[in-house]
Amino acid sequence: MTTNRWRMGFHLMPPTGWVNDPNGLCYFKGLYHVFHQYSPDWPNGSERGWGHATSPDLVHWTHHGMVIHQDIPEDANGAYSGSAYIVPGGGADGGDLLRLYYTGNVKEPGAHDYIYSGRQANEILIETTDGFNLGEKQVLLRNADYPDFCSCHVRDPKVWSQDGSLHMLLGARDMDDEGLALIMESQDGLSWTTASTIRPTSHFGFMWECPDRIALDGFEYLSFCPQGMAELPWANGLRDQSGYIPLPAAIKLIGCDRVSPALFRRWDFGFDFYAPQTFTDPQGRTILIGWMGLPEPPFDSAPDNLDWIHCLTVPRVLTRCEDGVVAMAPAPELEQLRGEQVPFAQADNAPAQTRTATLSAHRADIVVDGISGPFDLALDGAARIAFADGELTLSFDGGAQGIGRGRQTRSVNVNALENLRVLVDNSALEIFANNGREVFSTRWFPTADQLGIAIKGTAEAARVWSMGDGMEGTY
Ligand code: FRU
């Protein structure tokens, strides 16, 4: 069943099927390109490849369907995640060339554990001069090309250029079940050799997925998704986590062989966030897009037999705070979708600091500034963002059949709550606290026709706009 009530208006998703990691993010020849892991026939088929969407402005999207299929022996079991690299003037016509690097996943027949044997991880290149007509697949790296200490889990290439060389960051699991990042080096982007590894100073997960290098104001960060984290006190029992480690001043990822797990900070404190990827756009902004989903979620993301599942986050602009924390803010372009500003009313008989508003649909941009003291914002009376006693909490009423479909409570310690921005997009919620230092992403499945907002607490200003539909025509 295709229920439109829960479809997104400004969170990227394909028309049907399954989406996971964002891939190949770039701005190329006048368009933003977002590729993504895609299983179009989900829940029936199991093909895994790349879907493709483009936008002139990060707001209005066109989806082009599945564009990289698992159709050569080297990617027989999936065209897995990867990244985009633009070669200036690299095209045959002298124009720029877009290179897409990804991992071809192959599971060999036989009795294998697919960790230490039976799996191929092939790094594959596809070139295009227009972003749409994709060239032949070229297999660049195979298992034998990685160091001997690697298990069969090596994947998710992120390619960039620095100091006159090209670098490829790969996520890996070694034969002792230690997660690490592998760095390969190349001059031409075709022939690669192993250059170095980045390991944690003490055990930190058995596998690192989707590594990324981020540079902000001259400081570098290693972003990655460590697996095997369920036992850690902050992990909410989840195997898969996503975060970053800031490198000390003057230390670059190239040349850094150890990172400290004590400095790991989660990207997102909500329920649904994993496998983010960043790119730099022509304005020099570092933009992050994540998957609003998890590999092994303990809660439901496709209730009522939906024939589609998951979406991506909105594009988020990254900035470095003075203490090294990376703050995330929705790309300002999204404000183009703001429609009517709906006034907050004071509820009858309510204390002076109570404000309520009702919108005709579940698509809104809520901005609350100048917050002081305890604070509480409720949506539809069943989803609540609350700050009290140094803790910021997102919670849902009800259990498996409630509005959060099994999602209950997530929280993070903060000194204060100063401001809040909440993007409501039918079944996606993104909550940015303290100018985006703390972010919560979550799915929810509201059933009311109208969106009810109730705020309790002291704030200088609260504003809410209805939001339009940037996905119109896509499905
Ligand atoms: C992360 C991930 C990647 C892999 C892809 C497969 O969610 O497991 O490591 O390339 O998904 O879809």
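If you take the Cα Rg of the stretch 233-318 and divide it by 2.2 N^0.38 Å, with N the number of residues, what do you get?
That works out to 1.33 for the stretch 233-318.
Going through the cross-link list Lys29/Lys137; Lys107/Lys137; Lys107/Lys252; Lys29/Lys107, which pairs have a Cα-Cα distance over 28 Å in this structure?
Lys107/Lys252; Lys29/Lys107, as the Cα separations exceed 28 Å there.
Pull up all non-local amide H partners of Asp57: gap of 5 or more, or a different chain, and H-to-H distance under 5 Å with H placed in the peptide plane.
Distant-sequence amide H within range of Asp57: Tyr32.
Viscosity 1.306 mPa s, temperature 10 °C: what is the translational diffusion coefficient of the chain from Stokes-Einstein with a Kirkwood Rh over Cα pairs, rounded to a whole number of µm²/s?
Here the translational diffusion coefficient equals 69 µm²/s.
Rounded to whole Hz and in sequence order, give me ³J(HN,Hα) for the stretch 268-279 from the Karplus expression 6.51 cos²θ - 1.76 cosθ + 1.60, θ = phi - 60°, writing x for Gly and Pro.
Result, rounded to whole Hz: 8, 9, x, 8, 10, 7, 6, 6, x, 9, 10, 8.
Tell me, in nm to one decimal, what length is gained between Asp304 and Lys29 on full extension, where the rule is 0.36 nm per residue of separation less the Cα-Cα distance?
So the extension gain works out to 94.9 nm.
For a quick size check, give me the Cα extents of the stretch 1-150 along its three principal axes, largest first, whole Å.
48, 46, 24
Place a label point 7 angstrom from the Cα of Phe149 along the Cα-to-Cβ direction, then list the residues of the stretch 157-175 whose backbone nitrogen is under 14 Å away.
Answer for this model: 172-175.
Explain nothing, just the number: dipole magnitude of the stretch 183-305 about its Cα centre with +1 on each Lys and Arg Cβ and -1 on each Asp and Glu Cβ, in debye rounded to the nearest 20.
The calculation lands at about 460 debye.
Quick check: residue separation of Asn44 and Ala250 times 0.36 nm, minus the Cα distance between them. What number comes out in nm?
69.2 nm
Ordered by residue, what ³J(HN,Hα) values in Hz, to whole numbers, does the stretch 45-58 give under the Karplus form 6.51 cos²θ - 1.76 cosθ + 1.60, where θ = phi - 60° and Gly and Pro are x?
Those phi angles translate into x, 10, 4, 10, x, 9, x, 9, 9, 10, 8, x, 9, 6 Hz.
Tell me, what ³J(HN,Hα) does each residue in the stretch 236-246 have, in order and in whole Hz, if you take phi through Karplus 6.51 cos²θ - 1.76 cosθ + 1.60 with θ = phi - 60° and put x for Gly and Pro?
Along the stretch 236-246, the couplings run 6, x, 9, 5, 10, 10, 9, x, 9, 10, x Hz.
Would you mind checking the stretch 431-451 for residues with the amide N under 12 Å from a putative spin-label position 7 Å along Cα→C-beta of Val414?
Those under the cut-off are 431-441.
May I ask you to order 324-330, 218-224, 410-416, 366-372 by the average number of other C-beta atoms within 10 Å around their residues, highest value first?
Ranking, from highest mean packing down: 218-224, 324-330, 366-372, 410-416.
Throughout, read-outs are computed from the coordinates displayed, never taken from laboratory work. Remember, predicted model here, so these are calculated numbers, not experimental data. All Cβ positions, glycine included, derive from the backbone under ideal geometry; neighbour counts span all protein chains shown.
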